[in-house]
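The values are calculated or read from the model by the stated rules, or taken from the named source; none is laboratory data. Note that the structure is predicted; figures quoted are calculated from it, not measured. Cβ: placed from backbone, ideal geometry, glycine included. Neighbour counts: every protein chain shown.
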Amino acid sequence: MCVDVVFIALGPWNDANLWSILKNSMTHTLFFFYFAILTLISSLCTIALRNPIQCTVALLSALLHVAGLFILLHAEFIAAMQIIIYAGAVLVLYLFVLMLLDLKQAETVIHRQYGFALFFSAVLLGEILLALFQSPLFAKVPPITDAASTPSPNTESIGVVLFTDYLLPFEMVGVLLLGGIVGALVLAKQTPRSSKS
Amino acid sequence: MIPLSYYVVVSTLMFVIGLVGVLVRRNFLIILYSIELMLNAANINLVAFSHYLSSMVGQVLSLFVITIAAGEAAIGLAIIVVLFRKRATTNVDELNVLKW
């Protein structure tokens, strides 16, 4: 269902009817809470479920709902990249390795020191939320911006920024991906010594 | 219209869920999933601020984050495959070769 929403929202984006649905404040709020709550529930399932396959599916659901949040934020290009790269490539890779590994052992899921971990995570959450609630930003509702106020299409403006101001980081990320490919190949390659013996 | 702070709260909760996952779970794959969750929380923050400041820089940065996450997934999975070949486990508590 989420995928349907994403595809509908991605496709005829200049369609006035479709956009007016999302521009409606009530519907927008409804969609936000749907995506936010489902994101959090799926994230919880990702770390709480026992079966790694179920964890993968929960992570997939979380990533798709995050893509929905991106669409609500008028970041259609990032939403498409999120679905293509995360859901399309990374999750399939994870699932492939998971099938390959054949984890038969009944693992003890929880770490021994989970009490400390939960305590300090709760402290961190409390600190961040406290800082957030006390900031003047929290109660401020920003002005309504719709698609008409953004000057150019999302993808075009991302491209302009990416290939002017951020050209050097872009090239560096390319080199990093090359290093990642070479590193993954070198790591996963069977060494001749171990393959002979 | 949704205030910016709602997005920040969602992102914070997602980040802490990922942090708990990294600290509590013992399966290497689930730890990698939790790291993906934390990176996604950062992405939500970046895109939300980019929208409300009407600047494209946040979205460009979140593109970089997605790229780095893909590279991290590839390297992490290669490490898991090598470890599983040697030790036949993905439990991080049993992987103590580097511990002194």
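For the reader, a short list of remarks on this structure follows.
- In summary, B:Ala48 fulfils each of the numbered conditions (1) within 7 Å of chain A (Cβ to nearest Cβ); (2) without any contact (Cβ under 8 Å) to a residue 24 or more places away in the chain with the single exception of condition (2).
- Meets criteria (under 26 Å from A:Ile84 (Cβ atoms), part of a helix (DSSP H, G or I) and more than 7 Å from every other protein chain (Cβ to nearest Cβ)) for B:Leu63: no
- Candidate set from region B:89-100 (those that are part of a loop (DSSP other than H, G, I, E, B), of a type outside the set (S, T, N, Q) and farther than 17 Å from A:Leu187 by Cβ); member that is nearest to the chain's Cα centre (by Cα): B:Lys99
- Filter result (in contact with a helix residue (DSSP H, G or I) (Cβ under 6 Å, 6 or more places away or on another chain), more than 7 Å from every other protein chain (Cβ to nearest Cβ) and polar (S, T, N, Q)) within region A:37-65: A:Ser42, A:Thr56, A:Ser61
- Residues of region A:139-193 that turn out to be closer than 25 Å to A:Val97 by Cα, at pLDDT below 70 and among the charged types (D, E, K, R), as a count: 1
- For region A:74-88, the set of residues classified as out of contact with any Leu (no Cβ under 7 Å at 6 or more places or on another chain) and at pLDDT below 90 consists of A:His74, A:Ala75, A:Gly88, listed by residue number.
- Complete set of residues in region A:92-131 that are within 30 Å of B:Leu4 (Cβ to Cβ) and modelled with pLDDT under 85: none
- Test result for B:Ser54, free of Cβ contacts under 8 Å to residues at least 60 places away in the same chain and either surrounded by 21 or more Cβ atoms within 10 Å (Cβ to Cβ) or closer than 30 Å to A:Phe116 by Cα (or both): no
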